[in-house]
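The values are calculated or read from the model by the stated rules, or taken from the named source; none is laboratory data. Everything numeric here is computed off the predicted structure, so don't read it as measured data. Cβ atoms come from the backbone with ideal geometry, glycine included; neighbour counts cover every protein chain shown. What goes into the accessible areas is simple: the full protein's heavy atoms, side chains included, and nothing from ligands, DNA or RNA. Shrake-Rupley method; radii C 1.70, N 1.55, O 1.52, S 1.80 Å.
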Amino acid sequence: MRRLTRNVTRVFTGAESRAFDTRAIEVFEIPGIRLMHRAGRATFEVLRDRWPTARSITVVCGAGNNAGDGYVVAGLARDAGLGVDILQVGDPGKLNGDALDAARFAQARLGAEVARSARPWCPAGDIVVDALLGTGVRGAVRADFADAIAAINATGKPVLAVDVPSGIDADTGGLLTPNPVRADVTVTFVAAKLGLVTGDAVDYVGEVVFDDLGLPCAVYDTVGVRVLNGEGVETLNRRRGAHKGDSGRLLIVGGETDMGGAVALAGEAALRTGAGLVSVATRGENRAAILARRPELMVRATRSPEDIVDLAERASAVAVGPGLGRGTWGRELLAYCANVGKPLVVDADGLNIVADGDVELPAQTVITPHPGEAGRLLGQNSAWVQAHRPAAATALANDGKVAVLKGAGTLIAEAGVLRSICVDGNPGMATAGSGDVLTGIVGALLARGLAPTMAADLGVWLHARAGDEAAAATAAVPVASDFVVALRLSGSRLAGVHGD
């Protein structure tokens, strides 16, 4: 996934963005056509910057305000001496208001009436500008618009999307058609859209460039969703006279037979994140291998909850789930840990056991499901979760839990409210053991005394940054162990963490 422009600190739904637009027009008395011209000019400037040698463009327009932005681009391109072709999809008679004025602006420069283009559509320009569908589209895409989207994708030419690629839900990141417009660059206006940076949409938006169109700050009357930027990483600093007891004790529980690697990864990640002492409770057959890999971990062979009572009593926080399995052993351990009264993070098979209805988690537990686990917790499938990621995240954050819905554009929710999103990370992080590393990071932050929401936010960001560091350091596909090593760069270097 390519990056949202770095000046963006918050993202908003498409509905919120439309409300800001209306507020700018009605309350701040900024004419809508002026905003449309600003949007068209911002788009055209990006086009010229990204493709300076292009000599012609095709603008594919629908019949709403998104089309109006496209018509402004067409007029500006003709003024600049570029060849311009407009494909009008849908009834041009439905153009009205500002969009109709924008069409007349283009018409005056191109010398042609706006008319519905005949099929088959064949965009001929060097660059294709997608101004077909905007943020207000809901439900399945109509057949003629789907055909136009297919024609855009079939050209093999660079595509610049206006506000949102056609076929993408700006609120959720879900797909409104199986193959939306695949943009090289998306220029989004007024507010950066949540749906451009999470879920399946990230494979279609390309580089996302944001322009606020010069709106006054007072237009933005809702807080949106915070983009994680490492705020709070300075809390990981240790004072020069610190000792390991100052940085908390983490107990990690998991590692059923043949799954010891999961708790080993979580344990090492916890150490790299600065937990003072890390104990691992696992099946006895895993003990030698874990100690050989990382002797700094304290490993307890565990047959039942009675074997870890003393560890749980001394722990500052508990992490349960990596390699836990769904058998009696794992269920009994999770049930015990859910009732010890310590800050808790639960992942992997721990979540599957919860989904089975055998264990209830206390308030303030941090849960870190991927879409499949989230679906099981919510009684849905992973496809539904991916199509409704914001709703899924908030539904998971019930009964006081803090939910981390993993995936492209990881979402963090608390008390039924979406609070933050991580736009860092890369596709190479979708690999075995990646979630175990995140569990260890979040567990370490809980052990170090961070509140659950702060541990989730900072843990997700550290994990993503480590993934990016690991990807940059190798020409091969990174593995989860690489993320652990990269934690020294993504977190410790930034925070000045040192070992004792």
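A few comments on the model shown:
- Checking each residue in the stretch 127-159 for being within 18 Å of Val72 (Cα to Cα) and open to solvent by 60 Å² or more (accessible area, probe 1.4 Å) picks out no residue at all.
- Residue within the stretch 431-443 that is on the phi < 0 side of the Ramachandran plot, surrounded by fewer than 24 Cβ atoms within 10 Å (Cβ to Cβ) and not in a loop (DSSP other than H, G, I, E, B) present: yes
- Unmet criterion (only one of (1) at pLDDT below 95; (2) among the small types (Gly, Ala, Ser); (3) open to solvent by 20 Å² or more (accessible area, probe 1.4 Å); (4) farther than 18 Å from Ala148 by Cα) for Gly14: (3)
- All strands (runs of 3 or more DSSP E) inside the stretch 178-232 with 1 or more residues being free of Cβ contacts under 8 Å to residues at least 40 places away in the same chain: 185-189
- The stretch 161-191, residues that are surrounded by fewer than 24 Cβ atoms within 10 Å (Cβ to Cβ) and charged (D, E, K, R): Asp171, Arg182, Asp184
- Residues located in the stretch 264-300, provided they are of a type in the set (Val, Ile, Thr) and buried (at least 24 other Cβ atoms within 10 Å of the Cβ): Thr273, Val278, Val280, Thr282, Val299
- Taking the stretch 343-390 as the range and being assigned to a loop (DSSP other than H, G, I, E, B), on the phi < 0 side of the Ramachandran plot and either touching a residue at least 60 places away in the same chain (Cβ under 8 Å) or open to solvent by less than 30 Å² (accessible area, probe 1.4 Å) (or both) as the test, the residues that pass are Pro343, Asp347, Val359, Leu361, Thr365, Thr368, Pro369, His370, His388.
- Matching option when the condition is part of a loop (DSSP other than H, G, I, E, B) and modelled with pLDDT under 95, among Ala140, Ala170: Ala140
- Test for Val197: is it crowded, with 24+ Cβ neighbours inside 10 Å and either more than 19 Å from the chain's Cα centre (by Cα) or under 26 Å from Asp144 (Cβ atoms) (or both): no
- Check on Gly274, modelled with pLDDT under 95 and closer than 23 Å to Leu446 by Cα: yes
- Residues of the stretch 20-50 that are of a type outside the set (A, V, I, L, M, F, W, C) and farther than 17 Å from Pro216 by Cβ: His37, Gly40, Arg41, Thr43, Glu45, Arg48, Asp49, Arg50.
- Looking across Ala335, Ala408, one residue alone is touching a Pro at 6+ places or on another chain (Cβ under 9 Å), surrounded by fewer than 24 Cβ atoms within 10 Å (Cβ to Cβ) and in a loop (DSSP other than H, G, I, E, B). It is Ala408.
- If only residues of the stretch 20-38 that are touching a strand residue (DSSP E or B) at 6+ places or on another chain (Cβ under 9 Å) and under 14 Å from Gly136 (Cα atoms) are counted, the one that is least open to solvent (accessible area, probe 1.4 Å) is Phe20.
Condition check ((1) of a type outside the set (Asp, Glu); (2) under 27 Å from Asp203 (Cβ atoms); (3) modelled with pLDDT of 95 or more) across all residues:
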position: Ser420; (1), (2), (3): yes, yes, yes
position: Pro427; (1), (2), (3): yes, yes, no
position: Asp436; (1), (2), (3): no, yes, yes
position: Thr439; (1), (2), (3): yes, yes, yes
position: Ala444; (1), (2), (3): yes, no, yes
position: Ala451; (1), (2), (3): yes, no, yes
position: Asp457; (1), (2), (3): no, yes, yes
position: Asp468; (1), (2), (3): no, yes, no
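- Selection count, the stretch 391-405, where residues are of a type outside the set (Val, Ile, Thr) and in a helix (DSSP H, G or I): 5
- Number of residues in the stretch 83-120 that are in contact (Cβ under 8 Å) with a residue 40 or more places away in the chain and surrounded by fewer than 17 Cβ atoms within 10 Å (Cβ to Cβ): the value is 2.
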